[in-house]
1. For every helix of n ≥ 4 consecutive DSSP H residues, a contribution of -39,500 (n - 2.57) applies; sum these over the chain, divide by its total residues, and give [θ] at 222 nm rounded to the nearest 500 deg cm²/dmol.
2. In Å and from the alpha-carbon atoms only, list the Rg and Dmax of the chain.
3. Calculate, for Phe99 and Ala23, the FRET efficiency according to 1/(1 + (r/R0)^6) with r their C-beta to C-beta distance and R0 30 Å; round to the nearest 0.05.
4. Please give the helix 22-36 orientation as an angle from the longest Cα principal axis of the chain, in degrees from 0 to 90, rounded to the nearest 10.
5. Is there a quick way to get the dipole size of the chain? I mean about its Cα centre, with the Cβ of Lys and Arg at +1 and of Asp and Glu at -1; what is the value in debye to the nearest 20?
6. If the cut-off is 25 Å between C-alpha atoms, which lysines fall inside it for Lys107, apart from same-chain ones fewer than 8 positions away?
7. Among the lysines, which have Cα under 25 Å from the Cα of Lys70 when same-chain residues fewer than 8 positions away are ignored?
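What follows draws every value from the coordinates through simple rules; no lab data is involved. Because the structure is predicted, anything quoted here is derived from the model rather than measured. Heads up, the Cβs are rebuilt from the backbone with ideal geometry, glycines too, and the neighbour counts pull from every protein chain shown.
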Amino acid sequence: MLAVVLVASLTVGQDVQHAPTVAQCQADQRVWVADIEQVDSPRLPKYSVLSKWSHEMTDCEKVDPDNKGKYYNTGAEIDAMQAIRLMDFLDRHGLWAKFKEEDAAGKR
């Protein structure tokens, strides 16, 4: 009994990640690419969720190599959406111009 409690207490809080299944990869790819292609869709999740989507698409390339191109393209579209959001944020806060100015001055 003590061993069970000890093992259970050691595993609490550990986030074990498992590779997605081929079926999950294919379903997620179809839904996510449709959502991403509707740029102003209210269904688009927050930035951190988009990061998880992108990572899953990378994992899916390994799990389902026959559809590697679809996963790569979907991941690239997700990454582009994140870049657009970041650039919009920088622009809204007047930081885009400052970034370009510093970059032109060689501050990298």
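1. Calculated at 222 nm, the ellipticity per residue is -23500 deg cm²/dmol.
2. According to the Cα coordinates of the chain, Rg and Dmax are 19.5, 66 Å.
3. 0.10
4. The helix 22-36 is inclined about 30 degrees to the chain.
5. With Lys and Arg at +1 and Asp and Glu at -1, about 240 debye.
6. Within the straight-line limit of under 25 Å, Lys107 reaches these lysines: Lys98.
7. Within reach: Lys46, Lys52, Lys62.
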